[in-house]
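Nothing in this text is a laboratory measurement; each read-out follows from the coordinates by a stated rule. This is a predicted model, so every value here is computed, not measured. Note that each Cβ is placed from the backbone with ideal geometry, even for glycine, and that neighbours are counted across all protein chains shown.
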Amino acid sequence: MRATIALLPGDGIGPEVTEAAARVLEVVARRFDHDLTLTRHPIGGTALRAGDPPLPDATRAACAAADAVLLGAVGDPEFDHGPSAGRPETGLLQLRKELAVFANLRPARMWPGLEDGGSLKPDRVRGLDMLIVRELTGGLYYGEPRGRTDDGQAAFNTMRYARPEIERIAVVAFESARQRRGLVTSVDKANVLDTSRLWREVVTEVGARYPDVRLEHQYVDSCALLMVTDPQKFDVVVAGNLFGDILSDEAGGLVGSLGLLPSASVGGRGGLFEPVHGSAPDIAGRDIANPVAAIASAAMLLRHALGADEEAGVIERAIGDTLAAGLRTADLLAGASGAAVSCSGMTDAVVERLEQA
Ligand code: NAD
């Protein structure tokens, strides 16, 4: 296999975890005799500091030309108070739209051995395995009009969904459920929002084409509650951009850390692969971030963008074996005793297992 992967390290812990994923991709390429070219490009605060927009034209072009894109994270407190056009996050929103990756797959699984590390009782989370399918290029994050009134005293955003946008994300959810345990939970706020009433209507119509998949509807508030009272009941959860964003962070709490959650954004060209977490400025530059989310995102890249299922499985097994052997980055210790390994130490351990695989 020959492929080019555009790496966008970004801000904060982004560069640290992206390097971890890059190391893993290089080892897999060597072991499986693939010709992977990894190129690196600025995005977000890194681009802004160099005097460029948050998604520079050269980065945009490199991503469009690549077979897949792997991003670390964007977000830099220095740019938190400027207008949208000058914010790091705007670069990522533009890239998602540009690549037309409307379906964001966010698996959350409980790795064996980590059951004691989450905020719930171990019995509640043992074997937990859910897939959040988040709509990524529509809804409140993109709706127009948006902005402030002329006097600056009010601000507004628009939540808007058109039928085809809902239909295509619902299809992704039902197809995914067919490969899993056959349950789709659709999340909305249909008791209040018009967009949610359309969402529920269209998801129900699509569901009728999948008689082998069970469909349940949950209001987002009750879904947030159920995720902490009965998380094992979920299989595939499908939600709009805003609700999916919020619920997937909650899933991070269930499995022990945001630093464990990978994601794949697909549906357009190639695909965009990134950890669910942000740039974590509070721990950036100290080599203490958990690289697992980024490494698992690299596995999703191999599976979804390059069709390399076996290679993806080998990486996931190496992560599982490393965690089962007791290695923990600081976020996974959560006050428990034991020494934490660094970001590079955790990566070394995964790489070592890949070399032996
Ligand atoms: P965050 O995900 O960066 O951090 C939340 C908490 O989780 C922090 O305490 C952080 O230390 C911890 N954490 C996150 N990833 C971790 C990892 N790999 N290992 C160990 N601990 C980890 O969210 P935030 O603090 O709300 O946002 C920080 C910045 O990131 C903001 O500028 C925000 O806009 C941006 N952000 C970017 C993305 C993205 O690039 N996709 C996503 C979310 C937030």
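Data table
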{"read-out": "Over the chain: Rg over Rh, Cα atoms, Kirkwood Rh", "value": "0.96"}
{"read-out": "Cut-off 11 Å (backbone N to label point 7 Å along Cα→Cβ of residue 84), residues of segment 147-161", "value": "147-148, 156-159"}
{"read-out": "Calculated [θ] (222 nm, deg cm²/dmol) that DSSP helices of n ≥ 4 give over the chain, each run adding -39,500 (n - 2.57)", "value": "-13000 deg cm²/dmol"}
{"read-out": "Cα pair distances exceeding 15 angstrom across segment 62-157, given as percent", "value": "75"}
{"read-out": "Segment 118-216, relative contact order [Cα under 8 Å, separation at least 6], %", "value": "22"}
{"read-out": "Spherically averaged projected area in nm², based on the convex hull that wraps the Cα atoms of segment 41-102", "value": "4.1"}
{"read-out": "Rough spin-label spacing in nm, given labels placed 7 Å along Cα→Cβ, for residue 310 and residue 191", "value": "5.2"}
{"read-out": "The chain: antiparallel DSSP beta bridges as a percent of all, rounded to 5", "value": "35"}
{"read-out": "Simple label model, 7 Å out from Cα along Cβ direction - residue 226 to residue 155, nm", "value": "3.2"}
{"read-out": "Inter-site label distance for residue 339 and residue 94 at 7 Å from Cα along Cβ, in nm", "value": "4.6"}
{"read-out": "Whole-number D in µm²/s for segment 1-87 (Stokes-Einstein; Kirkwood sum over Cα pairs; 25 °C, 0.890 mPa s)", "value": "180"}
{"read-out": "Estimated vicinal HN-Hα couplings, Hz - segment 246-262 in sequence order (Karplus 6.51, -1.76, 1.60; Gly, Pro = x)", "value": "5, 5, 6, 5, 4, 4, x, x, 5, 8, x, 6, 4, x, 9, 9, x"}
{"read-out": "Sites matching trypsin sites (Lys or Arg not before Pro) across segment 181-216 that sit in DSSP coil, with at most 12 neighbouring C-beta atoms within 10 Å", "value": "209"}
{"read-out": "Mean separation of Cα contacts under 8 Å (6+ apart) over length of the chain, as relative contact order %", "value": "22"}
{"read-out": "Simple Cβ-charge dipole of the chain, Lys/Arg +1 and Asp/Glu -1, about Cα centre, in debye nearest 20", "value": "640"}
{"read-out": "Estimated D of segment 238-357 in µm² per second, where Rh is the Kirkwood radius over Cα pairs and Stokes-Einstein applies at 37 °C, 0.692 mPa s", "value": "216"}
{"read-out": "Convex hull projection area averaged over all views, segment 288-330, Cα basis, nm²", "value": "2.9"}
